[in-house]
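S.K.: Let me give you the structure first, and then I'll get to my questions.
The values are calculated or read from the model by the stated rules, or taken from the named source; none is laboratory data. Values in this document were obtained by computation on a predicted structure and should not be read as measured data. Don't worry about glycine lacking a Cβ; one is built from the backbone with ideal geometry, like all the others, and counts go over all protein chains shown. Surface accessibility is based on the protein's heavy atoms, side chains included, excluding ligands, DNA and RNA. Shrake-Rupley method; radii C 1.70, N 1.55, O 1.52, S 1.80 Å.
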Amino acid sequence: MNPLMRTNNNLPSLIENFFGRDMNDLFNSNSSWVNNVPAVNVVEHKDGFRIEVAAPGLKKEDFKLNLNHNNLTISSYQATQQEQPSDEGRDKEKYTRREFSYSSFQRIFTLPTSVDADNIQASYTDGVLKIEIPKREEAKVKPPRQIEIGG
């Protein structure tokens, strides 16, 4: 079992667990609310873990990272507004149109007890949010050593 488990609080996950993969594919047609979750890589290295979230087009201010007990929540909310040029109507009426676009996501990861939660760091560069989660010293793999036999 992966020490970083993904918890996804959305309907397709429930459908997949309850009905199985084929039923999930039926409901997974190209709905925007289903496809709105960015892809994530989780890497374990000798000093800890790294979570990489692919989120191009966002700014670092759009993200929120929260740690509650051993649950790391990564969320984002972005509202964009596009203004279209005014069109002249039949009787020289002026029409204005605005289109609003909102996007958000939330991912929750359950962290193992071996992490040093006080030293988690995050950075956002080139569309990728990187979260470094170090292991506590006592959880790091130590090199083999020879033990002397006494007396």
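S.K.: So which residues in the range 48-65 are of a type outside the set (Gly, Ala, Ser) and either under 10 Å from ILE133 (Cβ atoms) or loosely packed, with under 10 Cβ neighbours inside 10 Å (or both), if there are any at all?
M.R.: PHE49, ARG50, ILE51, PRO56, GLU61
S.K.: Something else about it: Looking at the range 125-145, I want the residues that are within 17 Å of SER75 (Cα to Cα) and have a partner that is open to solvent by less than 70 Å² (accessible area, probe 1.4 Å) and among the polar types (S, T, N, Q) with Cβ atoms under 7 Å, at least 6 apart or on another chain. Which pairs are those?
M.R.: LYS130/SER123
S.K.: Pairs under 9 Å by beta carbon, first residue over 25 Å from GLU132 (Cβ atoms) and of a type in the set (A, V, I, L, M) in the range 31-46, partner open to solvent by 60 Å² or more (accessible area, probe 1.4 Å) and at pLDDT below 70, six or more apart or different chains?
M.R.: What qualifies is VAL34/LEU11; VAL34/PHE27.
S.K.: Which residues, taken from the range 126-151, are under 16 Å from VAL43 (Cβ atoms), under 20 Å from the mean Cα position of the chain (by Cα) and not basic (Lys, Arg)?
M.R.: Within the range 126-151, VAL128, LEU129, ILE131, GLU132, ILE133, PRO134 meet the criteria.
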